[in-house]
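**Q** The structure follows.
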Amino acid sequence: MPLLEVNNLEVCFGLRSGAVKALRNVSFTLERGERLGIVGESGAGKSVLGFSIINLLSRPGRISSGNVHFEGYDLAHLAPEELRSIRGNRISMIFQDPMMTLNPVLTIGTQMVECLLAHRKISVVDAKRIALKKLQQVQIPSPEKRLDQYPHELSGGMRQRIVIAIGLLLDPDIIIADEPTTALDVTIQAEIMDLMLNLCEQNNVALILITHDLGVVSQVTQRMLVMYAGRIIEQGPTKEVINDAQHPYTQGLMNALPQMAIPGQKLNQIKGTMPPLQRIPKGCSFNPRCEYVMDICEQKLPSFTESGNCQVACHMVAESKQDELLGNEV
Amino acid sequence: MAEQNDSLVQVRDLYKRFSISGDFLDQLQFKGGKITRHQEYVHAINGVSLDVMPGEALCVVGESGCGKSTVARTVMGLLTPTAGQISYRGERIDNLSDKQMLPYRKKMQMIFQNPYASLNPRMTIMETLQEPIRFHNPSMTLTEVKDKIAEVMLSVGVDPSWGERYSHEFSGGQRQRISIARALAVDPEFIVADEPISALDVSIQAQVLNLMMDAQEQRNLTYLFITHDLSVVEHFGTRVAVMYLGTLCELAPTKQLFSSPRHPYTQALMSAIPRLEDDRPDYIKLSGEVPTPVNLPSGCVFHGRCPHANERCKQEIPVLTLLDDGTQVACHGVEENRL
């Protein structure tokens, strides 16, 4: 049984102009210790997905249907008190901007101890000892000193290390990291990613990494989901998706990377932009931008087709697979 | 520097520091029975010299806080340098009055990072594009202005019929196109682009980069392109300048820099780019973090994090030296043939 199982999750934002579905029919699983990447452009729904796993959505957003199974609980329909015992404890979250995540008026030590005391019946002294140990794990220089410092006294990279330490504080089973290195510089990003990778491996923690950076995903994760306009359009082992992307959108995303083009030549661009959620076209939501668009793409929503170890939601891939099958039978 | 006179923009020994100690009264401190004046500065740029050649795209890369945007703004005349010279086609422009600067502003335009902040939300696209044209060409008739706007809008792939809309009605990529159109509207020769694509998504980044490359070809533009994204640089840049803590570490033709980076910082920066091809590259681990530009380290600014630093690096500031292969590097190690 997988550690986490998301089934047909649908998230709705009730706006004055009507309800907007930010996630549609999202299903995936996560095994213990697995590292899963969620990629997509801004507005694709990847952060909403991360938030809705632990039901952190605030009004007007809500889970309108579907479930999130975690150890016999359905997180999508759990009472707030029960949810609190899981959030931060069994599933923790790391956000993009460490300056926004840490409380500016509390010392690092207070924030860490507070988190421990909220979930465990231990003394403050013990809590401090655990906090110190976690700070050492994230390789912060002079950790004893940091406990008494305020977030503004630390650099961006250091703050993100603290946030990771807080995420690991209660030895969770799953860490959801929402763009954890986007606000950092490349050299710091490499260090932080390396650190997260090692810590997850050592402690057998599953990681859900939400990012727009395909390079980071390819280096850190084992499996990945590609999202577009609120749906998963392709999923599979990271290596296979990166090396042999099936969905035209994933292909386009890869080809648009400057490193895929010959220096000085034009980049391969995907025409147009992602439609706003109120105006998602009929059929496949990628159809107005797709270069292989067929009649059926404008009519019918594609379902998942198995392609190798990947699942792709594309009519073209489905047809070519069917042709293959028919060809084999004849 | 033999081709001194050929360069379009020449920056010589540029220094820029910002006071962070407030006004005069804030600076007074009571210490040991005496009132003393205490001033602190952020040393944003420390002796940067570079030449931008006509028709090239010179990319400036570095981590946040290394002074790359300050260089861009100082070159544009938006900030006055603390010391040093900036020349445009051999004429010094850093000490000109606003009025004397006017003809240069028409030739030099800037594209900013955040298209959400750089377009006036109260102006329609038409008004946004009209303003620079009418300001710089007061003799133009309204029809000529309108034709010009239609031309630039078409050239950046924005439908001219959208002119009556406001900027909030557009997506990030479209807004950035409009900012590019605004820069192109006065037919500049030189464009400073300060992280023009970092606020955009990958598929939109490609569209905007292609647009900038087309514009360069058609209008024979010269770019000073500020970015932190090295993979974009590899694609876009003719030459690359790598900055660290307000100083120039290395300046080389793009191909050379990517095939054989010389400065230890450039090497670390290159190896840290997450790439698609390999799993976990053995990147060069830098210890520690970037020091603050308030109290600059002595000697080479990079020595605290450099794996090859020795005593000389801690004492003496390295100067940019031209190597045989055309690369300019500021590093004692390279100079001594240790690296």
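The values are calculated or read from the model by the stated rules, or taken from the named source; none is laboratory data. The model shown is predicted, which means the values in this text are computed figures rather than measured ones. For neighbour counting, all protein chains shown are included, and Cβ atoms are generated from backbone atoms with ideal geometry for every residue, glycine included.
**Q** Can you tell me which residue among B:Glu234, B:Glu335 is surrounded by 15 or more Cβ atoms within 10 Å (Cβ to Cβ), within 14 Å of another protein chain (Cβ to nearest Cβ) and among the acidic types (Asp, Glu)? Outline the logic, then answer.
**A** Details: B:Glu335 fails: within 14 Å of another protein chain (Cβ to nearest Cβ).
B:Glu234 is the lone residue from the list that is surrounded by 15 or more Cβ atoms within 10 Å (Cβ to Cβ), within 14 Å of another protein chain (Cβ to nearest Cβ) and among the acidic types (Asp, Glu).
**Q** Please specify each residue of region B:76-92 satisfying the condition of being within 21 Å of B:Ile111 (Cβ to Cβ), in contact (Cβ under 8 Å) with a residue 40 or more places away in the chain and in contact with a Phe, Trp or Tyr (Cβ under 8 Å, 6 or more places away or on another chain).
**A** B:Tyr88
**Q** Shifting gears a bit: Taking A:Ser27 as the residue in question, decide whether it is over 15 Å from the mean Cα position of the chain (by Cα), more than 14 Å from chain B (Cβ to nearest Cβ) and of a type in the set (S, T, N, Q). Break it down into steps so the answer makes sense when it comes.
**A** Working: over 15 Å from the mean Cα position of the chain (by Cα): no; more than 14 Å from chain B (Cβ to nearest Cβ): yes; of a type in the set (S, T, N, Q): yes.
No, not satisfied.
**Q** Just to check your reading of the model, which residue among A:Leu168, A:Leu147, A:Leu135, A:Leu117 is modelled with pLDDT under 90 and assigned by TED's automatic domain parsing to the domain that holds A:Arg84?
**A** Working: A:Leu147 fails: modelled with pLDDT under 90; A:Leu135 fails: modelled with pLDDT under 90; A:Leu117 fails: modelled with pLDDT under 90.
The unique qualifying residue is A:Leu168.
**Q** So which residues in region A:24-42 are in contact (Cβ under 8 Å) with a residue 60 or more places away in the chain, in a strand (DSSP E or B) and either closer than 30 Å to A:Glu201 by Cα or of a type in the set (Val, Ile, Thr) (or both), if there are any at all? Show your work before the answer.
**A** Kept after step one, since they are in contact (Cβ under 8 Å) with a residue 60 or more places away in the chain, are these residues of region A:24-42: A:24-28, A:30-42.
Narrowing the set further to residues that are in a strand (DSSP E or B) leaves A:24-28, A:30, A:35-39.
Matches in region A:24-42: A:Val26, A:Ser27, A:Phe28, A:Leu30, A:Arg35, A:Leu36, A:Gly37, A:Ile38, A:Val39.
To keep it simple, each residue is scored yes or no on (1) assigned to a loop (DSSP other than H, G, I, E, B); (2) touching a residue at least 12 places away in the same chain (Cβ under 8 Å); (3) aliphatic (A, V, I, L, M); (4) over 22 Å from B:Thr227 (Cα atoms).
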{"site": "B:Asp51", "(1), (2), (3), (4)": "no, yes, no, no"}
{"site": "B:Ser64", "(1), (2), (3), (4)": "yes, yes, no, no"}
{"site": "B:Asp94", "(1), (2), (3), (4)": "yes, yes, no, yes"}
{"site": "B:Lys99", "(1), (2), (3), (4)": "no, no, no, yes"}
{"site": "B:Lys106", "(1), (2), (3), (4)": "no, yes, no, yes"}
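**Q** Hey, another quick one. So, B:Gly246, is that one of a type in the set (Gly, Ala, Ser) and buried (at least 21 other Cβ atoms within 10 Å of the Cβ) or not?
**A** yes
**Q** Follow-up. In region A:119-135, how many are over 13 Å from A:Asp171 (Cα atoms) and over 26 Å from the mean Cα position of the chain (by Cα)?
**A** Filtering region A:119-135 down to residues over 13 Å from A:Asp171 (Cα atoms) leaves A:121-129, A:132, A:135.
Then drop every residue that is not over 26 Å from the mean Cα position of the chain (by Cα), which leaves A:121-129, A:132.
Count: 10.
**Q** May I pose another question? For a quick check of your reading of the model, give me the residue pairs whose first member lies in region A:138-158 and is within 13 Å of chain B (Cβ to nearest Cβ) and surrounded by 13 or more Cβ atoms within 10 Å (Cβ to Cβ), whose second is assigned to a loop (DSSP other than H, G, I, E, B) and modelled with pLDDT of 85 or more, with beta-carbon atoms closer than 8 Å and at least 6 apart or on different chains.
**A** Final answer for the pair search is A:Met158/A:Ile140.
**Q** Identify, from the list A:Gln265, A:Gln219, A:Gln235, the residue that is in the same structural domain as A:Ser27 (by TED's automatic domain parsing) and either out of contact with any Lys or Arg (no Cβ under 8 Å at 6 or more places or on another chain) or crowded, with 17+ Cβ neighbours inside 10 Å (or both).
**A** Going through A:Gln265, A:Gln219, A:Gln235 in turn, the sole match is A:Gln219.
**Q** Residues in region B:253-271: is at least one part of a strand (DSSP E or B) and either in contact with a Pro (Cβ under 7 Å, 6 or more places away or on another chain) or of a type outside the set (D, E, K, R) (or both)?
**A** Of region B:253-271, the ones part of a strand (DSSP E or B) are B:253.
Right, trim to either in contact with a Pro (Cβ under 7 Å, 6 or more places away or on another chain) or of a type outside the set (D, E, K, R) (or both) and you get B:253.
Yes - at least one qualifying residue is present in region B:253-271.
**Q** Return yes or no: is B:Gly163 at pLDDT below 90, surrounded by fewer than 20 Cβ atoms within 10 Å (Cβ to Cβ) and touching a helix residue (DSSP H, G or I) at 6+ places or on another chain (Cβ under 6 Å)? Before you say what the answer is, go through the steps one by one.
**A** Details: at pLDDT below 90: yes; surrounded by fewer than 20 Cβ atoms within 10 Å (Cβ to Cβ): yes; touching a helix residue (DSSP H, G or I) at 6+ places or on another chain (Cβ under 6 Å): yes.
When the stated conditions are applied, B:Gly163 passes them.
**Q** Sticking with this one: Are there any pairs with C-beta distances below 6 angstrom linking a residue in region A:187-210 that is in the same structural domain as A:Leu168 (by TED's automatic domain parsing) and surrounded by 21 or more Cβ atoms within 10 Å (Cβ to Cβ) to a residue that is of a type in the set (Gly, Ala, Ser) and assigned to a loop (DSSP other than H, G, I, E, B), with the two at least 6 apart or on different chains, and if so which?
**A** Here the result reads A:Thr187/B:Ala272; A:Ala190/B:Ala272; A:Ala206/A:Gly33, each pair linking region A:187-210 to a residue that is of a type in the set (Gly, Ala, Ser) and assigned to a loop (DSSP other than H, G, I, E, B).
**Q** Considering region A:253-277 alone, what residues qualify as being small (Gly, Ala, Ser) and either within 7 Å of another protein chain (Cβ to nearest Cβ) or within 25 Å of A:Val48 (Cα to Cα) (or both)? Before the answer, list the steps.
**A** In the first step, residues of region A:253-277 are kept if they are small (Gly, Ala, Ser); the result is A:256, A:261, A:264, A:272.
Correct list: A:Ala256, A:Ala261, A:Gly272.
**Q** Here is a further query. Which is at pLDDT below 90 and either assigned by TED's automatic domain parsing to the domain that holds A:Asp171 or within 22 Å of A:Asn7 (Cβ to Cβ) (or both), of A:Pro60, A:Pro104? Don't jump to the end; show me each part of the working.
**A** Values: A:Pro104 fails: at pLDDT below 90.
Going through A:Pro60, A:Pro104 in turn, the sole match is A:Pro60.
**Q** If you take the residues in region A:85-100 that are assigned to a helix (DSSP H, G or I) and surrounded by fewer than 19 Cβ atoms within 10 Å (Cβ to Cβ), which one is modelled with the highest pLDDT? Write out each step before concluding.
**A** We begin by selecting, within region A:85-100, every residue assigned to a helix (DSSP H, G or I); these are A:85-86, A:98-100.
Narrowing the set further to residues that are surrounded by fewer than 19 Cβ atoms within 10 Å (Cβ to Cβ) leaves A:85, A:99-100.
Values: A:Ser85: 89, A:Met99: 77, A:Met100: 81.
My answer is A:Ser85.
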